[in-house]
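J.: The structure is given below, and queries will be raised subsequently.
The values are calculated or read from the model by the stated rules, or taken from the named source; none is laboratory data. Quick caveat: nothing in here was measured; it's all calculated off a predicted structure. Please note: Cβ atoms are built from the backbone with ideal geometry, for glycine as well, and neighbour counts cover all protein chains shown.
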Amino acid sequence: MNRGDSTIALTNGARAREGKRAVSPRPVVALRSVEEIVAIAKAGELAARALEAARSACVAGCTTADIDRAARAVIVDGGGEALFLGYRGAGRASVERNAYPAVTCISVNEELVHGVPGARVVCEGDVVAIDVGVRLDGWCADCATTVGVGTIDAESMRLLACGERMLDAAVGMVVPGRRWSDVARTVEAIASDAGFAVAVDFVGHGIGRELHEAPQVPCALNAAYLENGDFTLRPGMVLAIEPMIVSERPSRNERGELVGPRATLSSDGWTVRVDSGARSCHFEHTIAVGRLGATVLTPSNNTVAAAALRRAG
Ligand code: MF3
Ligand code: CO
């Protein structure tokens, strides 16, 4: 989600209108029971199946609308609701924004995020990020992956492997008592060490009854986050972790913090494009924090790493 869409900002805005002193905006994060996590896992299983169907539909010559239709069929068949369809975002942005018109976000090559499916034809060599959310029995799950269409160039392969490695590393570091900033610091270094820019303006999020709940779950750090957004992982938290990186040199501000690639919102009100035209990728899982670590609620066997192994024979 966009950093500005924070529900945390909303809470403080409401307090200000009521004439109360703005409190330090430390995120209050819902803790879910085992039964609730099982219910979110059912939504997650459906979301993951929709994502797999979308992946299978993502072949040279198809349109992004075809890929969207494949995901929609699985969600409808599974009795779920497409979470993104009609979504407007939280906070101030929601007032100005048109409702999201599709089931998935499909972002091809230089499209960074929130690409609206339509008539664009997918070609051999493209990298296609597909993001899908589901609500089932009142619980939400959100996941994304990036598909290489046919044979992709070596730099794109390296980009996808890096994005997946960031998500795997983040999930692997989840343990009660750890500060999220600790995870974000490790994950941003994976991207910058590989020479890729992190889309720091888009962050993961808590998820449960709604798509976007507190806390913000970034894959890069800055002083404002350390001051106002950081939280300690606790059993029962359910989070959507979603690194997005761009095949562009990472750059830093005067404080040494990573800054995102220059990107522009297109006239459809959603699709964000990288100004340089560089390619990007996006990987996302909904996870639950347990006593021993994370459980992935949107699991898939179809990873970039597994595909590389298969190709290597
Ligand atoms: N995974 C994306 C996010 O959390 C989903 C956005 S849904 C949309 O930002 F409807 F806003 F596009
Ligand atoms: Co998300």
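J.: Can you name the number of the only condition in (1) touching a Phe, Trp or Tyr at 6+ places or on another chain (Cβ under 8 Å); (2) more than 16 Å from ligand 1 (Cβ to nearest atom) that residue 156 fails?
T.: Going through (1) touching a Phe, Trp or Tyr at 6+ places or on another chain (Cβ under 8 Å); (2) more than 16 Å from ligand 1 (Cβ to nearest atom) one by one, residue 156 breaks only (1).
J.: Considering only segment 200-268, give the strands (runs of 3 or more DSSP E) lying wholly within it that have at least 2 residues that are among the hydrophobic types (A, V, I, L, M, F, W, C).
T.: Filter on segment 200-268 gives 213-217, 238-241, 244-246, 263-265.
J.: A further question on this structure: Can you confirm whether residue 273 is surrounded by fewer than 18 Cβ atoms within 10 Å (Cβ to Cβ), of a type in the set (D, E, K, R) and out of contact with any Lys or Arg (no Cβ under 6 Å at 6 or more places or on another chain)?
T.: no
J.: Quick one: in segment 93-138, of everything that is surrounded by 14 or more Cβ atoms within 10 Å (Cβ to Cβ) and among the charged types (D, E, K, R), which residue is nearest to ligand 1 (Cβ to nearest atom)?
T.: 131
J.: Right, another one. Could you give me the residue pairs with C-beta distances under 7 Å whose first residue belongs to segment 143-163 and is away from ligand 2 (no atom under 16 Å from the Cβ), whose second residue is basic (Lys, Arg) and modelled with pLDDT of 95 or more wherever it lies, and which are 6+ apart or on separate chains?
T.: 147/55; 156/279; 159/279
J.: Follow-up. Among 132, 200, which is of a type in the set (Val, Ile, Thr) and farther than 20 Å from residue 288 by Cβ?
T.: 200
J.: Among 278, 240, 220, which is closer than 30 Å to residue 35 by Cβ and either at pLDDT 95 or above or surrounded by 15 or more Cβ atoms within 10 Å (Cβ to Cβ) (or both)?
T.: Unique residue meeting the criteria: 240.
J.: Something else now. Quick check on residue 211: is it within 27 Å of residue 160 (Cα to Cα), touching a residue at least 12 places away in the same chain (Cβ under 8 Å), in contact with a Leu (Cβ under 6 Å, 6 or more places away or on another chain) and not small (Gly, Ala, Ser)?
T.: Judged against the criteria, residue 211 is a match.
J.: Can you tell me how many residues within segment 144-180 are closer than 26 Å to residue 133 by Cα and either loosely packed, with under 15 Cβ neighbours inside 10 Å or of a type in the set (D, E, K, R) (or both)?
T.: Final tally of qualifying residues: 5.
J.: Still on this structure, please answer the following. Please go through segment 31-83 and give me each residue that is under 17 Å from the mean Cα position of the chain (by Cα) and part of a loop (DSSP other than H, G, I, E, B), ordered by number.
T.: 83, the sole residue that qualifies.
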